[in-house]
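Let me begin by presenting the structure, written as structure tokens, before commenting on it.
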Amino acid sequence: MITKIKRVSLLLLGVIMVMPAISQEKLGYQKPPAEIAKLVEAPSTPSVSFTEDGKWMLLMERPGYGSIEDLAQDELRIAGMRINPATSGPSRSSGMMALTLKNTASGEESPITGLPANPKISNVSWSPDETKIAFSHTTDSEIQLWMADVATRKAARVGQFKLVDVMGSTITWLPDSKNMIAMTVPANRGSYPVAPKVPSGRVIQATSGDAAPSRTYQDLLQNSYDETLFAYFATSSLMKIGVDGNATSLNMEGLYKSFSLSPDGNYIKVETIQRPFSYLVPAYSFPYNVDIHDISGKLITKIASLPLDENRPTGFDATVDKPRSFSWRADADAMLYWVEAQDGGDPRNEVEVRDIVFALEAPFNGEKKAIAKTSLRYGGISWGDDNFALLNERWRATRTELTSIFDPSNPNKPLQEMIRRSYDDIYNDPGSPLTVRNEAGRSVLLREGNKLFMTSTGGSPEGDMPFFSSFDVNTKKQEILWRSEAPYYERLTKVVDLDKMQIITMRESENDVPNYQRRDLKANTRNPITAFPHPTPELLGIQKELIKYKRADGVDLSAVLYTPEGYDKEKDGPLPVLMWAYPREYKSADVASQVRGSQYTFTRLSWGSPLYWVLRGYAIMDRTEMPIVGEGDTEPNDVFVQQLVANAEAAINKIVEMGVGDRNRIGVGGHSYGAFMTANLLAHTDLFAAGIARSGAYNRTLTPFGFQAEERTYWEAPDVYNTMSPFMNANKVDQPLLLIHGEMDNNSGTFPIQSERFYNALKGHGATTRLVMLPHESHGYAAKESILHTLYEMDSWLEEHVKNAPTKPNQATLPNR
């Protein structure tokens, strides 16, 4: 009997509703009105992958929402992950259901034939020469390796072994495009471990006095049997597999955290998890070794042994006081590099050098060499060639991002600062450097002499307007080569030919589905590649508008407003409103005032969108900005409640002044931190008729070592934790509040008990509230039954408590009642 399989709901109703007994209450899963339910059935647009030359596009068709039966399958929740014990893979993946090759020049489409029955495709990977496509297929009992031939458009299974996909890094191509390395189920793994009938002893955790703060992780190991299960399913054997199906064991078996090949294909870096495991942190923080093997599996050298990561300092700029981030240099045959903190990993320590990047070249028997030093926390390297690379650094406390040029061949040469900016400042974001695949199939900088080529979201006061540019690293001058133009939102997806200035973009508008275009910038021509149909024509007539307004303290705010088809405020009058939002923290009022997103993006529905209710006669304020600004020494959360209230007041005043919204019929809602926001607004104001809070956290003492953007602990800032916790203010909530939560939420901080305890507190103080617990669902909901029922609950709540709310005199805001 599997003891760590997720618990099955004791109710056969499909959904748990905690509420007073009502004889007319409908049992089981319910469906929302037909106009909403129909939108849930809308088909998905395929995912896309291009060859390097842009000649071929792989269309990967995604299925719709799965069933609750899929989620109810056996599942192990151990070591911070969720494993399907039948397949030795992830338990909640859906996979692609069809593959089609499309020629981007001619537009010809060719479905890949020979796919398995009921395909569940993932781990899709082009061979380096782009003549083949490897992928995995998950059945009810195993994960198989498959391959499609681009020339013949046919797919077939490769070998008869089973893959392990617990830790990732499942399949990697060798540079010759004729062989792969894969994680496979060990031949001698044996039978499933049997749970002991009698405990072998007590479960003990102990500390020697060293501080070990950690986030509130879920699904952790709890006993020795859990340890046995984790080791059983995560252990894999590395095999070299030819495209013809012939497989050679590398005699490498272990609990591999990851593996990767050197660019020349001659060496394998493996990170192998070691004991003791932890009951406090997930598997990625367990002790591990870093070793180098040759391609035959022979151990070449041991690089490092890293201890259990339980004792790192607190703070978002903190890191481990050990080597970290081991990787292969993309532009070298076989050079390993990694990072070592020089401040003990503690951001509170004042040092001139925060991190040093070290490198060690094959055959790995020399001394490590320092190749770069950072003043902020290391954020990654973009490789170019022997004399040119970009070093990225970040420092969250000041929201600083720094990009510098360095010479890998001359570590003593000073860094050349290229870009220093606030990473929250989207108006002055020059973008990210583009890369191209080299002969080894690795990504290196796309560069011509002193020029890099960049792509940016193109933030502006009119919203995002993505662009493609060149950037002269000497003069720091940027030239816009192409930019999206209203009324479209268009972004670069592929540079096909830099000399000819031919690119591929994805173009969309409010009513036009995102589709791919091939652009010739010299000839100023545009040729469509795809013509995906509109998945929800029912939304074609709705009206969309970017609205801007100011907070009382002068901070500029915005929201995207949707109104029903044919709505005329002069004739139809004010509408009920659903305001949907998610708070974000900033260190600058100017940056917080920037417009984010675009009014020209396609109106696409996801399961969690508020837009369904525009078809029910509501005005929808989506992406309603809720900035929390803490300038100077003030942290944003020191003023969270005051600024949250000010944001809501400004949004309501705007929609009412426009004549679109009825002040007495405004509901507010959000998911996760948006749910936390919703509960706070109902606790500290009388602005809203009702609220909807999905999968939130409401008692911050249950996340005492930091949450969201708060890096101080509860003991360092108890007043902040208590003031921000809706649970502590449950006696002040007197507007109806709907709480929805997945029973199996594994998001850090949003334990299901958060909603359960908050519901009890509200009920105890006489509030109008309802708690819906969704069986088998995690932080985001996946089963069609759960999604439809969630929409049913939300619709019923809005109809009763917002659209048909009793008329009442306008009430003043009571931020400190």
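The share of accessible area on the range 54-172 that comes from carbon and sulfur is 47 percent, using a 1.4 angstrom probe.
Cross-link partners for K784 among the lysines, with Cα-Cα distance under 16 Å and sequence neighbours closer than 8 places in the same chain left out: K31, K38. Normalising the average separation of contacting C-alpha pairs (under 8 angstrom, six or more residues apart) by the number of residues puts the relative contact order of the range 326-466 at 15 percent.
Across the range 634-668, the residues whose backbone nitrogen lies under 14 Å from the label position 7 Å along the beta-carbon direction of Y549 are 645-668.
Taking a ≥ b ≥ c as the square roots of the Cα gyration tensor eigenvalues, with a/c under 1.5 meaning rounded and otherwise prolate when a/b beats b/c, else oblate, which class fits the range 684-783? Cα axes put the range 684-783 in the oblate bin.
Pairs of Cα atoms nearer than 8 Å and 6+ residues apart set the relative contact order; for the range 41-200 it is 15 percent.
How big is the C-alpha Rg of the range 232-371 next to the rule-of-thumb value 2.2 N^0.38 Å, as a ratio?
Here the answer is 1.16, to two decimals.
What FRET efficiency would be calculated for the residue pair D74, K477, taking the C-beta separation as r and a Förster radius of 41 Å, to the nearest 0.05? Efficiency computed from Cβ-Cβ geometry: 0.10. Put K368, K784 in order of accessible area, highest first, and with a 1.4 Å probe you get K368, K784.
Of the residues P313, A182, Y267, the one whose Cα sits farthest toward the positive end of the charge dipole of the chain, with +1 on the Cβ of Lys and Arg and -1 on the Cβ of Asp and Glu, is A182. Angle of helix 673-684 to the longest C-alpha principal axis of the chain, folded into 0 to 90 degrees and rounded to 10: 30°.
Ignoring ligands, DNA and RNA, what percent of the 1.4 Å accessible area of the range 590-641 is carbon and sulfur? Result for the range 590-641: 41 percent of the exposed heavy-atom area is carbon or sulfur. Solvent-accessible area of the range 447-568 (1.4 angstrom probe, protein heavy atoms only): carbon and sulfur portion equals 45 percent.
What the chain shows is 42 Å² of accessible area per residue, with the surface traced by a 1.4 Å probe over protein heavy atoms. Cross-link partners of K197 among lysines, defined as those whose alpha carbon lies under 29 angstrom from its own and excluding same-chain residues fewer than eight positions apart: K4, K6.
Paramagnetic label reach from T248 (point 7 Å along Cα→Cβ; backbone nitrogen cut-off under 19 Å): within the range 136-174, residues 158-161, 171-174.
Label sites at E756 and V436, each approximated as a point 7 angstrom past Cα along Cα to Cβ, lie 5.8 nm apart.
Annotation: aspartates and glutamates with alpha-carbon distance below 18 angstrom to K569 (same-chain offsets under eight excluded): E545, E657, D662. Express in whole angstrom the spacing between the alpha-carbon centres of the range 571-600 and the range 505-551. So the separation of the two Cα centres works out to 21 Å. The local environment of T374, defined by Cβ-Cβ distances under 9 Å, has a net charge of +1 under the rule Lys, Arg +1 and Asp, Glu -1. Our helix-only sum for the chain, with -39,500 (n - 2.57) per DSSP H run of n ≥ 4 divided by its residues, gives a mean residue ellipticity at 222 nm of -3500 deg cm²/dmol. Model label sites at N412 and H765, defined 7 Å from Cα along the beta-carbon direction, differ in position by 6.7 nm. Using the Cβ-Cβ distance between S47 and T398 with R0 = 41 Å, the FRET efficiency computed as 1/(1 + (r/R0)^6) comes to roughly 0.65.
If R377, R526 are ordered by their accessible area, calculated over protein heavy atoms with a 1.4 Å probe, which sequence runs from highest to lowest?
My answer, sorted largest first, is R526, R377.
Take every pair of alpha-carbon atoms less than 8 Å apart whose residues are at least six positions apart; their mean separation over the length of the chain yields a relative contact order of 10 percent.
Multiplying the sequence separation of K178 and T228 by 0.36 nm and subtracting their Cα-Cα distance, what value in nm do you get?
Between K178 and T228, full extension yields 14.4 nm more.
Shape verdict for the range 276-355, please, from the Cα gyration tensor: rounded (a/c under 1.5), prolate (a/b greater than b/c) or oblate. Cα axes put the range 276-355 in the oblate bin. In terms of its alpha-carbon gyration tensor, the chain comes out rounded; the largest-to-smallest axis ratio a/c stays below the 1.5 threshold. Here Y284 and E570 are evaluated by their C-beta separation; at R0 = 41 Å the FRET efficiency comes out at 0.10.
Here E485 sits with roughly 130 square angstrom of accessible surface, probe radius 1.4 Å.
The range 227-272 and the range 376-416 have Cα centres spaced 32 Å apart.
The values are calculated or read from the model by the stated rules, or taken from the named source; none is laboratory data. Predicted, not measured: the structure shown is a model, and the values here were computed from it. With ideal geometry, Cβ positions are generated from the backbone for all residues, glycine too; neighbour counts draw on all protein chains shown. Keep in mind that these areas ignore ligands, DNA and RNA; they rest on the heavy atoms of the full protein, side chains included. Shrake-Rupley method; radii C 1.70, N 1.55, O 1.52, S 1.80 Å.
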